Amino acid sequence: MGFTIFPKISRSKSAPAIAPAIDPAVKAKADKGARLAEVHTLTDMHGHGLPPSAQSIVLDEPGSLGPSLENAALMFAHGNPAAAAAALSHALDTDERSKPLVWMCLFDLLARNNDRALFDDLALKFVVQFERSAPAWDELAGTRGAVAKPGAPTAGRPRSLLRGALTDPATPVLAALTEASKQKTPGTQRMDIEISDLDTVSDVCGLLLAGALASFRRKGVFISFRGLDGAIHRLSSVLKSGERRHKGQWYLVLELLQWAGSMEKFEDRAVEFAITFEISPPSWEPLSAQQRSVVVDAAKAEAQAVEANHEEAIRWSGELKGPADLCLKSIAVDKVTTNPVVVDMGAVQRVDFVCGGAIANGFNRLMAQAIDVRVIHASPIIQALLMLTGAPATLFVKSR
């Protein structure tokens, strides 16, 4: 990809002219102890996954965005996402290519521009550069323009939902998974399957689902499960060694244990299966490191989402502009009623530079009063803009 080289915009000359002043005393207190910025990546559509240790993107110091990312954040704030993407594309030809946040912001901008071709090309390059996965297209595209109603949760990406008693093999979700598993090359290398409410399966359905999951596993498909551990516990609770019942459920539990990486439990259950049915159980076939990391990352994201959902989140949406945007009233020290204060920015499309500075000031004032602040669902380029205007990097929590 060839783009025009954009010179660095000097913060010392440009920022003070348009940004609201940040109280030095408040800023000093708020920045104390800020060290790490976590920006989590999700799996891409090409079959690349996260390694076991890939849970965060770490910046050496708060605010160490680099010149290209600073410029891109400013351009985005001023309503020029194309120039921002060009600046970040140029950064990939410099030493800044070692900063994962540069890539994440470029993914964000390409998704906003609905540029799937460049997004997929960048995903492949990201995997080569970092040996871990890029974000999925459907995780970023199609959500930036949605404006959630105040107080309403932001809609998540579509999932294959399996719940209750699964007894009909013609159930649409099961039929679709079974059919997809038969394809030599699956139509997608990234799937989300929710089994948090799956209670029981018939023999036929258990065999079909276990077979489909095993096929996906062997073909290198990445699956993010929701409710994996709970489903294993519920489905296992009725399986008794020596009782020849629920054979399909036995197969499904053994397969789910493989996805969970629970080798010891798998081996114990495999012995019980062999004793009960007097046949050889399925063999242990570990996930690739990349597949396993996707499962682990999904479990961590689910745990964080559950925690965040118990908070009384403040939800912002649309474009946030100027020093007096209505969003600022919700984080005024005398208005907040919870500690921590959780701000959901999942439906925010853009933040201009002036409002970004005012938001950073608001966050810093809260923290100076010993009020914790957590920002969830903010897209990478919005994170970068808020960090540029003075928000500590540690505020941004991954909860998806």
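The values are calculated or read from the model by the stated rules, or taken from the named source; none is laboratory data. Owing to the predicted nature of the structure, the values given are computational and were not obtained by experimental measurement. Cβ coordinates were reconstructed from backbone atoms using ideal geometry, including for glycine residues, and neighbour counts include every protein chain displayed.
Yes/no matrix, rows are residues, columns are (1) crowded, with 17+ Cβ neighbours inside 10 Å; (2) under 30 Å from P340 (Cα atoms); (3) of a type in the set (G, A, S):
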{"residue": "S215", "(1), (2), (3)": "yes, no, yes"}
{"residue": "G230", "(1), (2), (3)": "no, yes, yes"}
{"residue": "G248", "(1), (2), (3)": "yes, no, yes"}
{"residue": "L256", "(1), (2), (3)": "yes, no, no"}
{"residue": "A289", "(1), (2), (3)": "no, no, yes"}
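Surrounded by fewer than 21 Cβ atoms within 10 Å (Cβ to Cβ), more than 28 Å from V102 (Cα to Cα), of a type outside the set (D, E) and in contact with a strand residue (DSSP E or B) (Cβ under 7 Å, 6 or more places away or on another chain): is that true of I331 in this structure?
So I331 does not fit the description; no.
So, in the stretch 305-335, of the ones that are among the charged types (D, E, K, R) and part of a loop (DSSP other than H, G, I, E, B), which residue ends up modelled with the lowest pLDDT?
My answer is E311.
Residues being more than 19 Å from P323 (Cα to Cα) and part of a helix (DSSP H, G or I): count how many of those fall in the stretch 345-394.
Residues meeting the conditions: 6.
Could you figure out which of (1) touching a Cys at 6+ places or on another chain (Cβ under 7 Å); (2) within 30 Å of W137 (Cα to Cα) isn't true of A231?
(1)
Take the stretch 74-125 and flag every residue that is closer than 15 Å to I381 by Cα and hydroxyl-bearing (S, T, Y).
Within the stretch 74-125, S89 is the sole residue that qualifies.
Quick one: E285 ticks every box in (1) acidic (D, E); (2) within 27 Å of M191 (Cβ to Cβ); (3) not in a loop (DSSP other than H, G, I, E, B) except a single one, so which number is it?
(3)
Of all residues in the stretch 37-96 being at pLDDT below 50 and of a type in the set (D, E, K, R), which is nearest to A111 (Cα to Cα)?
Result: D44.
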